[in-house]
1. Quick check on the range 287-333: what are the equivalent-ellipsoid semi-axes from the Cα gyration tensor, as sqrt(5λ), descending, whole Å?
2. As a footprinting exposure proxy, order Tyr330, Tyr387, Tyr41, Tyr25 by other Cβ within 10 Å, with the fewest listed first.
3. Starting from the amide H of Ser323, placed 1.01 Å from N in the peptide plane, find each other amide H under 5 Å away whose residue is 5 or more places distant or on another chain.
4. Mind listing P(r) for the range 115-159? All alpha-carbon pairs, 10 Å bins, whole percents.
5. Under the rule of at least 5 residues apart or a separate chain, name every residue whose amide H is placed under 5 Å from the amide H of Phe280.
6. Which residue, Leu335, Ser312, Ser323, has the largest displacement toward the positive end of the dipole of the range 267-357 when charges sit on each Cβ (Lys, Arg +1; Asp, Glu -1)?
7. What distance in nm lies between label points placed 7 Å from Cα along the C-beta direction at Arg354 and Lys340?
8. How do Met215, Met1 line up, fewest other C-beta atoms within 10 Å first?
Amino acid sequence: MEILSTKVAIIGSGPAGLLLGQLLYKAGIEHIIIEQRSSEYVAARIRAGILEQVSVDLLREAGVDQHLNEMGLPHHGIEILSNGEKHRIDLSALTQGKEVTVYGQTEVTKDLMQAREEAELLSFYEANDVKVHEFYNAPYVTFHKNGVEYRVNCDFIAGCDGYHGVCRATVPQDKIKTFEKVYPFGWLGILADVPPVSDELIYVQSERGFALCSMRSNTRSRYYLQVPLTDKVEEWSDERFWDELKNRLDPESQKNLIIGPSIEKSIAPLRSFVTEPMRFGKLFLAGDAAHIVPPTGAKGLNLAASDIAYLSSALIEYYLKGSEQGIDDYSEKCLKRVWKAERFSWWMTHLLHRFETESDFDIKIKQAELAYVLGSEAGQTTLAENYVGLPYEIKKFDDLKQAS
Ligand code: APR
Ligand code: PHB
């Protein structure tokens with residue numbers, strides 16, 4: 001058996017694990033990333049694409065903003081199409097100048113992986129049978145790779161291993177409570193190298209179900225359709241997808257829609273899920289390991305980033321100042337923000353999708369709610385300030401350094 005030791009063992013090399021690694025590296029804190037998949041698989045995964053300003057700031061602080069600065073598209077508004085009419089939510093005007101950035105999670109992951117490679121930091125990809133042990137006492141992680149058995153002794157374990165990961169699953173049942181809502185439909189998404197139908201994202205509420213017109217760049221579009229969970233990707237030819245999307249759009253967008261062959265097509269189920277607490281002794285959960293939101297509010301990656309902002313700052317405070325304050329506050333601080341984002345994502349999902357079980361009365365009430373939101377500055381502001389991301393305070397690394 002190979003025995004290694006480090007300060008922080010990070011399980012999972014998604015955006016949460018990679019960002020934590022990069023921030024710890026910047027602070028000079030030793031860590032190792034252990035990931036079950038190959039680096040090629042991790043780098044190729046296609047996910048969401050909207051960054052809140054606080055997430056962009058964190059990537060800047062982590063020093064991985066070069067590509068983001070070149071390729072990220074700042075967006076100042078979104079469109080909501082309802083009853084065949086488009087309404088623009090002026091995000092910046094309603095939030096004192098804040099904006100969001102269109103930049104794919106795939107790119108964020110690649111940038112972080114490249115920074116990690118350049119800094120020659122230790123990662124184990126294709127680690128099998130990863131297990132976390134003794135996190136209420138003297139934590140360690142075990143796994144196998146290429147026939148070798150490893151044991152990593154550490155001070156802390158960061159469970160950044162996503163919804164299906166091993167960290168949350170290892171927590172004793174009587175120490176954890178989970179909250180869940182599963183939605184009775186999925187999102188069928190396609191990626192295509194065609195210019196987006198509009199300069200801004202269009203969220204579509206229609207009788208035929210929800211649709212979303214998004215993008216990755218000025219030449220690459222990402223479109224989604226609400227579909228029954230029983231649908232299979234194979235049942236959706238490109239032609240059927242484009243026809244159905246057109247059917248959910250307004251005449252102007254129908255005219256502007258440029259179609260082309262899909263380069264990716266998949267169906268994702270929608271789920272709301274929260275774990276309480278997010279810390280178990282010396283094990284922390286962060287990102288999808290701790291919570292899932294339906295994608296309607298574009299909050300998944302951003303919540304992973306805010307968890308990591310709190311966790312990195314707590315660990316830096318611990319190692320630089322010997323203070324356990326941030327560690328003790330981690331779960332409570334994260335969960336406050338998590339529940340607000342859960343509420344917003346649930347609300348957007350509820351408002352814009354068709355549910356098979358809803359009555360005519362329910363539909364009318366939802367239409368009235370949407371009409372109220374779109375017709376009122378207070379309503380629009382509520383949507384805008386949640387969409388651009390609720391503010392949060394973290395101690396900046398430079399401040400922590402100065403104080404030590
Ligand atoms: N051992 C090691 N690694 C594991 C294990 C395990 N037992 N189980 C899962 N992993 C890895 C996965 O292969 C994946 O690479 O953990 C990583 C988790 O990454 P993500 O699922 O991307 O989760 P996270 O980093 O929290 O990112 C959150 O990703 O899923 C989207 O919408 C979500 O945008 C959000 C973001
Ligand atoms: C995306 O571009 O993938 C995307 C954008 C906005 C969302 C969800 C997904 O709300």
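All of the numbers you see were taken from the coordinates with simple rules; none came from a lab. Computed from a predicted structure; not experimentally measured. A quick note on method: Cβ atoms are made from the backbone with ideal geometry, for glycine too, and the neighbour counts reach across all protein chains shown.
1. Numbers: eigenvalues 132, 17, 9 Å².
Equivalent ellipsoid of the range 287-333: 26, 9, 7 Å, largest first.
2. On the way: Tyr330 22, Tyr387 25, Tyr41 13, Tyr25 17.
With the sparsest Cβ surroundings first, the list reads Tyr41, Tyr25, Tyr330, Tyr387.
3. Tyr318
4. P(r) over the range 115-159, rounded to whole percents: 24, 45, 28, 2.
5. Leu285
6. Result: Leu335.
7. So the label points at Arg354 and Lys340 sit 3.5 nm apart.
8. Values: Met215 24, Met1 8.
Taking fewest neighbouring Cβ atoms as first place, the list is Met1, Met215.
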